[in-house]
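**Student:** Mind looking over this structure? Questions follow.
The values are calculated or read from the model by the stated rules, or taken from the named source; none is laboratory data. Fair warning: this is a prediction, and the values are worked out from it, not measured in the lab. Quick reminder, even Gly has a Cβ in these numbers, built from the backbone with ideal geometry, and neighbours come from all protein chains shown.
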């Protein structure tokens, strides 16, 4: 299990060598475009052998799920805006 350091960030341990790896940088995944760019990066790293295909496939799956959540959230916000406009129109009639 990863240990927690004094700064409360989890440390990553390489399963093969047992060596402590640097904490990965934070990846911004707030928009569909952010997710698309990250998925493209994962794909390129799989193609070049930087990451294993099995690991890349798992990452791509998680990124696709994040993308779906962002998409659903955007649709929900749009529906709420439409319902608000329709509600205001009904009050005016």
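**Student:** So which residues in segment 31-59 are in contact (Cβ under 8 Å) with a residue 12 or more places away in the chain and either closer than 16 Å to residue 70 by Cβ or exposed (fewer than 12 other Cβ atoms within 10 Å of the Cβ) (or both), if there are any at all?
**Tutor:** 31, 32, 35, 36, 38, 39
**Student:** Right, residue 46: over 18 Å from residue 28 (Cβ atoms), modelled with pLDDT of 95 or more, assigned to a helix (DSSP H, G or I) and touching a helix residue (DSSP H, G or I) at 6+ places or on another chain (Cβ under 7 Å) or not?
**Tutor:** When the stated conditions are applied, residue 46 passes them.
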